[in-house]
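Written out below as structure tokens is the structure these notes cover.
Read-outs: derived from the displayed coordinates by stated rules, not from any lab. Worth saying up front: this structure is predicted, and the values here are computed from it rather than measured. Cβ placement follows ideal geometry from the backbone for every residue including glycine, while neighbour counts extend to all protein chains displayed.
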Amino acid sequence: MNSTYHKIIAFGILILVFTTCKAQTNESPNPKINSENYYEYFHSGGTTKTTTNWLRRHEAVPIIIDELEKLGFETKQYILFELENEEEIILDVYNREKNFGVVFNTGHFAFPNKTQRNSRIYNQDKFKISGSLGRRKVYKELPKNIIVLQETWYWYQTQSSPNDKLLNKKTAENILREDIRKQLAELRN
């Protein structure tokens, strides 16, 4: 009976994962929402439970690479980069030809707020030789050739039933792409 119970649980989890993935792949971005107005679409309160989530680094880096390659840049991932003061940071994405990189700062605030878009701080966790966590290094200012993106900027919301008034994951991904294009335009100037 114990083995049968575990099989039923595993089967239920597979169905749940499949239906969740299917729902996400059928999503389409909302063309009305962009990086200028998306905080106006944050939903809080109400009678329907709304879940807020964020794009994580493992989801964002492939999007960053894809967008840069669409713009004609050849990229490398997770490059150890030496700053002018001889400190080293790991760039999530790097283009050697134009010597620019992108870092995606992990972590987010509990509630999205437009003022968070002003943050350019980058935190990098250091690890000791033993594998234990070392001190976190906070970079308040990185060189202009390093684009800093924040996980807290790329939030999206879901409800148990579809709601086209919410900012969905595909729209959050489009906002990330839009930010990359804008940051590159600023970098070129």
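Tabulated data
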| quantity | calculated |
| --- | --- |
| Helix 169-188 vs. the chain, principal-axis angle (Cα, 0 to 90°, nearest 10) | 10 |
| When each of Lys114/Lys182; Lys76/Lys169; Lys49/Lys137; Lys98/Lys182 is checked by Cα-Cα distance, pairs over 28 Å | Lys49/Lys137 |
| Degrees separating the helix 2-25 axis from the principal Cα axis of the chain, which is the longest one | 60 |
| Low-density loop cleavage sites - chymotrypsin sites (Phe, Trp or Tyr not before Pro) in region 73-178, where at most 16 other Cβ are within 10 Å (DSSP) | Phe109 |
| Per-pair calculated FRET efficiency, R0 = 41 Å: His43 and Glu69 via Cβ, rounded to 0.05 | 0.75 |
| Highest-fluctuation residue, Leu91, Leu80, Leu55 considered, GNM on the chain with Cα pairs under 10 Å | Leu80 |
| Degrees between helix 57-70 axis and first principal axis of the chain (Cα, 0 to 90, nearest 10) | 60 |
| Semi-axis lengths (Å, descending) of the ellipsoid that matches the C-alpha gyration tensor of the chain | 33, 23, 17 |
| The chain - percent relative contact order, Cα under 8 Å, separation 6 or more | 28 |
| Top of Leu149, Leu166, Leu83 by mean-square fluctuation, Gaussian network on the chain, Cα under 10 Å | Leu83 |
| Dipole in debye (nearest 20) - the chain, about Cα centre, beta carbon charges: Lys, Arg +1; Asp, Glu -1 | 500 |
| Size of electric dipole in region 60-99: Cβ of Lys, Arg +1 and of Asp, Glu -1, about Cα centre, debye, nearest 20 | 240 |
| Radius of gyration and Dmax over the Cα atoms of region 78-189, both given in Å | 16.3, 52 |
| Chain lengthening between Gln77 and Ser28 when straightened (0.36 nm per residue, less Cα-Cα) | 14.9 nm |
